[in-house]
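First the structure, in the form of structure tokens, and then the observations on it.
Read the figures in this text as sums done on the coordinates, not as results from a lab. Worth saying up front: this structure is predicted, and the values here are computed from it rather than measured. Because the Cβ atoms are built from the backbone with ideal geometry, glycine has one as well, and the counts that use them run over all protein chains shown.
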Amino acid sequence: MEQAEAVRANRWTTYFHTLEKLMRSHLATRPARLALAAVAAVALTATAITGSASAATAGSDRDSSNVRNCGTNDLSFTISSRTQAGGYLLVTAKAKSGVTCHLEGILPTAFFGSSRDSHVSPAQHAVSEGVTLSGSTAAYAGINPKTTNDENGIQFGQLFLSVAGDEDNTVTLTLPRTVTVDRPIATNWQADPADAVPFG
């Protein structure tokens, strides 16, 4: 954008120098000089307006890009039990007071215990749109703790959760009920809880 503004400024500088030469020419009559001066004034005003509009647009773009990505400590989490799709856990994330941040539409880092089979895998492979969190706006992720059709599994009463990439700040959530865990899956963070149903 800065390069484009420089080119535009150079073009107008050349134009004004040409006008000045014409106005100083002995061949130019007084009415002609006045007309050229008027054209120059109009062009200068248009350039100033264009520059102001460009600056305003750039400022707006900068403001919208200033929303930072959410970290685990920026959010408060609650977890509830749902009966749809055979039963699953719904995690709700909201920004803490005074915080505005963007939560990427990817899988949260979540696990029930140290066993590899207790770590959640993705229920969907495409990246979702993501959610900008502030105030009462929430994001949702659904977790199905058991995807196998057998009697295997280990029972757990808590879930360890973090925003992907911020595992150093993992939080512990107490589950609303003890669940049997075996090859769990989770959805991406979603703006609509209806999109956070972990089929699979």
Exercise for the section: Any chance you could run the full-extension gain for T178 through Q158? It's 0.36 nm times the residue separation minus the Cα-Cα distance, nm to one decimal. Expected result: 6.4 nm
Problem - Length added when fully stretched, R68-D192, from 0.36 nm per residue minus Cα-Cα - result: 42.5 nm
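Hey, can you rank 73-81, 184-192 by average C-beta count inside 10 Å, highest first?
Values: 73-81: 15.9, 184-192: 22.9.
So the order, starting with the most tightly packed, is 184-192, 73-81.
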Fill in the blank from the handout: Subtracting the Cα-Cα distance of T170 and S114 from 0.36 nm times their residue separation yields 18.8 nm
Practice task
Taking the Cα centre of segment 86-169 as origin, sum charge times position over the Cβ atoms of Lys and Arg (+1) and Asp and Glu (-1), and report the length of that vector in debye to the nearest 20.
Solution key: 240
